[in-house]
Amino acid sequence: MIYILSAALFFMLITSLVLARNRFEFKSINAPGKRIASYTPKVSICIPARNEENVIQRCVESVLNQDYDNFEVCVLDDNSEDKTLSILNNLELTTNKLSVIHGSPKPDDWLGKPWACHQLANKSDGEILIFVDADVWMEPFVISKTVANLHKRDALTIWPEQKLDGFIEKLVIPTIMFTLTTLLPAVYTERPPRWMPNFIYKNFKSDFVAACGQFFAIQKATYKAINGHEAVKNQVVEDVELGRILREKDFSLVMKTGVSAVYCKMYDSASEVWSGFQKNFYPGFGNLFTFIFAAIIHFLFFLFPFYTLFYSFFTDDIQITLISLSIVCLFTVQRLALNFWYKLDWWMAFMHPFAVLWFQALGIKSLMNKILGIKTTWKGRPV
């Protein structure tokens with residue numbers, strides 16, 4: 001018991017240092033920075049849309065309202081069954097910067113989003129491609145800031161500020177940023193860790209990658225060099241896979257937060273949260289060993305200390321009491337810091353163990369689906 005708790009405490013101390021480092025180095029796209037007057041490439045903002053009638057107008061209007069002049073907006077209607085296409089057609093009449101593309105039938109060996117993005121890239125003629133999800137909206141300066149950050153760089157990804165309403169949304173969705181900001185120093189997506197010898201790093205460089213498909217910008221020449229979305233045509237977590245390919249081929253990838261700049265409202269109900277996470281939860285780990293190992297670590301490091309804390313009250317073991325309490329306090333403080341950083345409800349930080357339990361249940365369901373060959377459906381399509 002004491003060895004498990006000691007390992008958990010050491011882990012929490014390390015992740016606390018990573019979080020503190022990211023607070024200074026993981027900058028917002030809204031951070032101060034000069035525009036490069038001579039660098040004004042044409043930008044193609046590519047938006048795949050399938051059954052997005054509730055969000056597509058807000059997304060497109062925010063993109064059209066950018067203070068950067070040299071851009072086009074391409075939206076692909078991926079055979080929507082609601083009013084998405086009608087809304088897009090009405091918007092297209094108001095500007096010459098918007099082109100609405102009718103999606104072609106999806107080949108059997110492609111997943112929906114990569115296929116939609118592939119078509120958008122082929123129809124776009126910008127020097128920079130920016131892939132934006134339909135549930136994202138942004139401030140007017142975002143594209144100009146993105147272009148400036150891409151000067152002499154290959155790709156950039158932004159993690160939007162999440163807008164949350166329901167209890168389950170507030171409980172679950174922040175764990176994405178919690179995991180990212182406590183495990184990966186953001187600067188390592190741009191350069192190798194200085195403490196790691198190069199002969200070791202070259203075998204693990206694709207592991208020092210994170211990417212968010214909600215906002216992913218890339219030089220078109222780089223996109224073609226890595227074979228674009230065709231290289232990830234059957235990947236559920238295509239954004240991370242694109243990031244890994246970039247790193248494997250020694251292209252640069254910059255990572256920014258979207259706090260006070262880029263926003264996203266991913267889901268509208270608890271059932272949507274469950275379905276949305278279920279479709280990419282298992283694939284996100286890459287293999288069964290990593291999936292099970294992560295589940296065990298989360299149980300031992302975030303849930304087990306509550307048992308040992310309760311146990312120590314009856315055994316008067318002051319050492320176990322202090323270590324267990326330290327672990328619980330550390331990850332609660334981490335969540336508090338993250339919630340203030342990302343403008344989330346501070347009190348939800350104390351609900352973190354329940355978020356871990358939620359993901360444990362999701363993991364069991366995802367594993368059973370994998371074993372039984374049950375496919376998750378998303379927006380009317382099997383994934």
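For the structure I just gave you, tell me whether Ala211 is more than 11 Å from the chain's Cα centre (by Cα) and either open to solvent by less than 10 Å² (accessible area, probe 1.4 Å) or at pLDDT 95 or above (or both). Reasoning before the result, please.
Details: more than 11 Å from the chain's Cα centre (by Cα): no; either open to solvent by less than 10 Å² (accessible area, probe 1.4 Å) or at pLDDT 95 or above (or both): yes.
Against the criterion (more than 11 Å from the chain's Cα centre (by Cα) and either open to solvent by less than 10 Å² (accessible area, probe 1.4 Å) or at pLDDT 95 or above (or both)), Ala211 does not qualify.
Scan the range 75-125 residue by residue and report those that are in contact with a Gly (Cβ under 7 Å, 6 or more places away or on another chain) and of a type in the set (S, T, N, Q).
If the condition is that a residue be in contact with a Gly (Cβ under 7 Å, 6 or more places away or on another chain) and of a type in the set (S, T, N, Q), then Asn79, Gln119 are the ones that fit.
Mind listing whichever residues of the range 223-275 are among the polar types (S, T, N, Q), under 17 Å from the mean Cα position of the chain (by Cα), surrounded by fewer than 21 Cβ atoms within 10 Å (Cβ to Cβ) and not in a helix (DSSP H, G or I)?
At the first step, the residues of the range 223-275 found to be among the polar types (S, T, N, Q) are 227, 234-235, 252, 257, 260, 269, 271, 275.
Next, only the ones that are under 17 Å from the mean Cα position of the chain (by Cα) stay: 235, 257, 260, 275.
Narrowing the set further to residues that are surrounded by fewer than 21 Cβ atoms within 10 Å (Cβ to Cβ) leaves 235, 260, 275.
If the condition is that a residue be among the polar types (S, T, N, Q), under 17 Å from the mean Cα position of the chain (by Cα), surrounded by fewer than 21 Cβ atoms within 10 Å (Cβ to Cβ) and not in a helix (DSSP H, G or I), then Gln235, Ser260 are the ones that fit.
Among (1) open to solvent by 70 Å² or more (accessible area, probe 1.4 Å); (2) modelled with pLDDT under 95; (3) not basic (Lys, Arg), which single condition is Phe350 missing?
Here Phe350 meets the rest and fails (2).
A quick yes/no check of all residues on (1) farther than 30 Å from Asp69 by Cα; (2) in contact with a strand residue (DSSP E or B) (Cβ under 8 Å, 6 or more places away or on another chain):
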| site | (1), (2) |
| --- | --- |
| Ile101 | no, yes |
| His118 | no, no |
| Asp125 | no, yes |
| Asp133 | no, yes |
| Met138 | no, yes |
| Val147 | no, yes |
| Asp165 | yes, no |
| Thr175 | yes, no |
| Pro193 | yes, no |
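Could you please let me know if Tyr342 is over 20 Å from Ile14 (Cβ atoms) and open to solvent by less than 20 Å² (accessible area, probe 1.4 Å)?
Working: over 20 Å from Ile14 (Cβ atoms): yes; open to solvent by less than 20 Å² (accessible area, probe 1.4 Å): yes.
Criteria met by Tyr342.
Would you be able to say whether some residue in the range 296-303 is touching a strand residue (DSSP E or B) at 6+ places or on another chain (Cβ under 6 Å) and either within 28 Å of Pro353 (Cβ to Cβ) or not in a helix (DSSP H, G or I) (or both)? Even if it seems obvious, please write down each step before you answer.
Keep residues of the range 296-303 that are touching a strand residue (DSSP E or B) at 6+ places or on another chain (Cβ under 6 Å), which gives none.
No; the residues of the range 296-303 include none that is touching a strand residue (DSSP E or B) at 6+ places or on another chain (Cβ under 6 Å) and either within 28 Å of Pro353 (Cβ to Cβ) or not in a helix (DSSP H, G or I) (or both).
Would you check if Val356 is at negative phi and either part of a loop (DSSP other than H, G, I, E, B) or open to solvent by less than 20 Å² (accessible area, probe 1.4 Å) (or both)? Talk me through it step by step, then tell me what you get.
Values: at negative phi: yes; either part of a loop (DSSP other than H, G, I, E, B) or open to solvent by less than 20 Å² (accessible area, probe 1.4 Å) (or both): yes.
Answer is yes for this residue.
Can you find a residue in the range 174-194 that is part of a helix (DSSP H, G or I) and more than 30 Å from Ser275 (Cα to Cα)? Break it down stepwise before answering.
As a first pass, look at the range 174-194 and keep what is part of a helix (DSSP H, G or I): 174-183, 186-189.
Now narrow it down to the ones that are more than 30 Å from Ser275 (Cα to Cα): 187-188.
For the range 174-194, residues part of a helix (DSSP H, G or I) and more than 30 Å from Ser275 (Cα to Cα): present.
I'm trying to understand the selection: among the residues of the range 1-52, which are in a loop (DSSP other than H, G, I, E, B), open to solvent by 50 Å² or more (accessible area, probe 1.4 Å) and either among the hydrophobic types (A, V, I, L, M, F, W, C) or at pLDDT 95 or above (or both)? Before the answer, list the steps.
Taking the range 1-52 as the starting set, the residues that turn out to be in a loop (DSSP other than H, G, I, E, B) are 1, 26-27, 29-42, 50-52.
Still in the running and open to solvent by 50 Å² or more (accessible area, probe 1.4 Å): 1, 27, 30, 32-38, 40, 42.
Passing the criteria: Met1, Ile36, Ala37, Lys42.
Within the range 113-140, which residues are crowded, with 23+ Cβ neighbours inside 10 Å and either of a type in the set (D, E, K, R) or modelled with pLDDT under 95 (or both)?
Within the range 113-140, Lys113 is the sole residue that qualifies.
Condition check ((1) closer than 19 Å to Ser275 by Cβ; (2) free of Cβ contacts under 8 Å to residues at least 24 places away in the same chain) across all residues:
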| position | (1), (2) |
| --- | --- |
| Leu309 | no, yes |
| Arg335 | no, no |
| Trp346 | no, yes |
| Ala361 | yes, yes |
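What about Lys97, is it in contact with a helix residue (DSSP H, G or I) (Cβ under 7 Å, 6 or more places away or on another chain), surrounded by fewer than 18 Cβ atoms within 10 Å (Cβ to Cβ) and free of Cβ contacts under 8 Å to residues at least 60 places away in the same chain?
Values: in contact with a helix residue (DSSP H, G or I) (Cβ under 7 Å, 6 or more places away or on another chain): yes; surrounded by fewer than 18 Cβ atoms within 10 Å (Cβ to Cβ): yes; free of Cβ contacts under 8 Å to residues at least 60 places away in the same chain: yes.
For Lys97, the condition - in contact with a helix residue (DSSP H, G or I) (Cβ under 7 Å, 6 or more places away or on another chain), surrounded by fewer than 18 Cβ atoms within 10 Å (Cβ to Cβ) and free of Cβ contacts under 8 Å to residues at least 60 places away in the same chain - is met.
Restricted to the range 359-381, and to residues that are of a type in the set (S, T, N, Q) and surrounded by 14 or more Cβ atoms within 10 Å (Cβ to Cβ), which residue is farthest from His298 (Cα to Cα)? Break it down into steps so the answer makes sense when it comes.
Just the residues of the range 359-381 that are of a type in the set (S, T, N, Q), to begin with: 360, 366, 369, 376-377.
Keeping just the survivors that are surrounded by 14 or more Cβ atoms within 10 Å (Cβ to Cβ) gives 360, 366, 369, 376.
Details: Gln360: 8, Ser366: 16, Asn369: 21, Thr376: 24 Å.
By that ranking, first place goes to Thr376.
Limited to the range 300-335, what total is found for residues that are aromatic (Phe, Trp, Tyr) and either exposed (fewer than 14 other Cβ atoms within 10 Å of the Cβ) or over 21 Å from Ile14 (Cα atoms) (or both)?
If we filter the range 300-335 for residues that are aromatic (Phe, Trp, Tyr), which is where we start, we get 301-302, 304, 306-307, 310-311, 313-314, 331.
Adding the requirement that they be either exposed (fewer than 14 other Cβ atoms within 10 Å of the Cβ) or over 21 Å from Ile14 (Cα atoms) (or both) leaves 306-307, 310-311, 313-314.
Adding up the residues that qualify gives 6.
In the set Thr189, Thr157, which member is in contact with a Gly (Cβ under 8 Å, 6 or more places away or on another chain), at pLDDT below 95 and not aliphatic (A, V, I, L, M)? Spell out how you get there, then give the answer.
Details: Thr157 fails: at pLDDT below 95.
Selected residue: Thr189, the only one of Thr189, Thr157 that is in contact with a Gly (Cβ under 8 Å, 6 or more places away or on another chain), at pLDDT below 95 and not aliphatic (A, V, I, L, M).
The values are calculated or read from the model by the stated rules, or taken from the named source; none is laboratory data. Just so it is clear, the structure is predicted and the values come from calculations on it, not from any experiment. Here the Cβ is made from the backbone with ideal geometry for all residues, glycine too, and neighbour counts use every protein chain on show. For accessibility, only protein heavy atoms count, side chains too; no ligands or nucleic acids. Shrake-Rupley method; radii C 1.70, N 1.55, O 1.52, S 1.80 Å.
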